[in-house]
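Peer 1: What follows is a structure written as structure tokens; I'll ask about it next.
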Amino acid sequence: MISIPHKAKQFLVLLVKLLIVGGAFYFIYDQLAHNEKLDWQKFITLFRKNQSVLGISFILLLSVLNRYFEILKWQNLAKVINEISVSDATREVLAALTAGIFTPNGLGEYAGKALFYPKSEAKKVVFLNLICNGIQMILTVVFGTIGLLILGYWKWVLAIIGISILFFLFSFFFKKIKIKGYSIEKLLHKINEISKPIHQKNILLGICRYLVFSHQYYFLFLAFDVDLSYFTLIATISVVYFLASSLPTFQFLDFAVKGSVAIYFFGILGVNEWIVVFISTLMWFLNVVLPVIFGSYYVLNFKTKIAK
């Protein structure tokens, strides 16, 4: 085996860090600078009309809370391996988010978090991250289905219920079938190994996070003078998040995917397309771009764990 000199390893690690951070910022700039649907003049005019220090502070607070609940979720699950502080959980979540911004469906987040732990714990970290993201996806499906019900999309709801029933029947009858050593039965067993209080806290924090970012979306629509009832707006937002989250995408294209789905559903309600695009972009900027900026600091200061 070829041995790489220590100085060369340091240089390669630094190069990878710079590529991750540089790539993240390039993709962010490219999406903001070259999106033809973003009419900055309209946005500036409306912003000057409705600008409020209190309102801006409130929207930013919701962004902080959104990411904070995610950090608490990870801190809660990470105790399966070992207790970590909020600052450690913050570092791991934000650095992983930065690493995963240009990977399909944020898969880079799994590897990003694993790098903070010994190699012997890598599989467990990936599994815990799957639990962390999985509960958020389940909540998105549940609230999205309720949203479809409120908006009157009965056929869609029946289709989702039918698919869910088929999935559970498949899981029950074929739970022992192994694929590369893994089976549904083994997965359920590993999930049950985690204590109930940890699962319960994970669900509670997931609900809190969902309520925060869905209402951030809601309050942005109010700021853009969209006059629709609360339940109609919240139901449509939940449907948009559900359907957009079901599509394979990259973190840096997240606002484009959600924006496209949002344009369709909010267009039915008579909301101007440019308003929908701007709100989707703002949500992406507030909840992905800003955390990535802070996460870049943790990436550049990252030091690998020594395998035990």
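Peer 1: Just one of 65, 97 is of a type in the set (A, V, I, L, M, F, W, C), at pLDDT 95 or above and touching a Lys or Arg at 6+ places or on another chain (Cβ under 9 Å); which is it?
Peer 2: Numbers: 97 fails: at pLDDT 95 or above.
Just one listed residue meets the conditions, 65.
Peer 1: What are the residue pairs meeting all of these: first residue in the stretch 196-209, first residue in contact (Cβ under 8 Å) with a residue 24 or more places away in the chain, second residue surrounded by fewer than 21 Cβ atoms within 10 Å (Cβ to Cβ) and of a type in the set (Ser, Thr, Tyr), Cβ atoms under 9 Å, and 6 or more apart or on different chains?
Peer 2: Hits for this filter: 209/68.
Peer 1: Something else: Can you report the number of residues in the stretch 210-237 which are under 14 Å from residue 275 (Cα atoms), open to solvent by 40 Å² or more (accessible area, probe 1.4 Å) and touching a residue at least 60 places away in the same chain (Cβ under 8 Å)?
Peer 2: Selection size over the stretch 210-237: 3.
Peer 1: For the stretch 97-121, give me the residue count where each residue is closer than 21 Å to residue 190 by Cβ, open to solvent by less than 30 Å² (accessible area, probe 1.4 Å) and aliphatic (A, V, I, L, M).
Peer 2: 1
Peer 1: Sticking with this one: Exactly one of (1) open to solvent by 40 Å² or more (accessible area, probe 1.4 Å); (2) modelled with pLDDT of 90 or more; (3) in contact with a Leu (Cβ under 9 Å, 6 or more places away or on another chain); (4) assigned to a helix (DSSP H, G or I) is unmet by residue 27. Its number?
Peer 2: Condition (2) is where residue 27 drops out.
Peer 1: If you don't mind, there's one more thing I want to ask. Going through the stretch 82-124 one residue at a time, which ones are of a type in the set (Ser, Thr, Tyr) and more than 14 Å from the chain's Cα centre (by Cα)? Please lay out each step first, then the result.
Peer 2: Of the residues in the stretch 82-124, the ones of a type in the set (Ser, Thr, Tyr) are 85, 87, 90, 98, 103, 110, 117, 120.
Of everything in the stretch 82-124, those that are of a type in the set (Ser, Thr, Tyr) and more than 14 Å from the chain's Cα centre (by Cα) turn out to be 85, 87, 90, 117, 120.
Peer 1: Still on this structure: Output the residue which, of all residues in the stretch 125-163 that are aromatic (Phe, Trp, Tyr) and over 21 Å from the mean Cα position of the chain (by Cα), is most open to solvent (accessible area, probe 1.4 Å).
Peer 2: Residues of the stretch 125-163 that are aromatic (Phe, Trp, Tyr), as a first pass: 127, 143, 153-154, 156.
If we keep only those that are over 21 Å from the mean Cα position of the chain (by Cα) too, we end up with 153-154, 156.
On the way: 153: 55, 154: 161, 156: 102 Å².
The extreme case among them is 154.
Peer 1: Quick check, is residue 63 closer than 22 Å to residue 299 by Cα and surrounded by 13 or more Cβ atoms within 10 Å (Cβ to Cβ)? Don't jump to the end; show me each part of the working.
Peer 2: Numbers: closer than 22 Å to residue 299 by Cα: yes; surrounded by 13 or more Cβ atoms within 10 Å (Cβ to Cβ): yes.
Yes.
The values are calculated or read from the model by the stated rules, or taken from the named source; none is laboratory data. Remember, it's a predicted structure, so these values are computed and weren't measured experimentally. Backbone-built Cβ (ideal geometry, glycine too); neighbour counts: all protein chains shown. Only protein heavy atoms, including side chains, enter the accessible area calculation; ligands, DNA and RNA are left aside. Shrake-Rupley method; radii C 1.70, N 1.55, O 1.52, S 1.80 Å.
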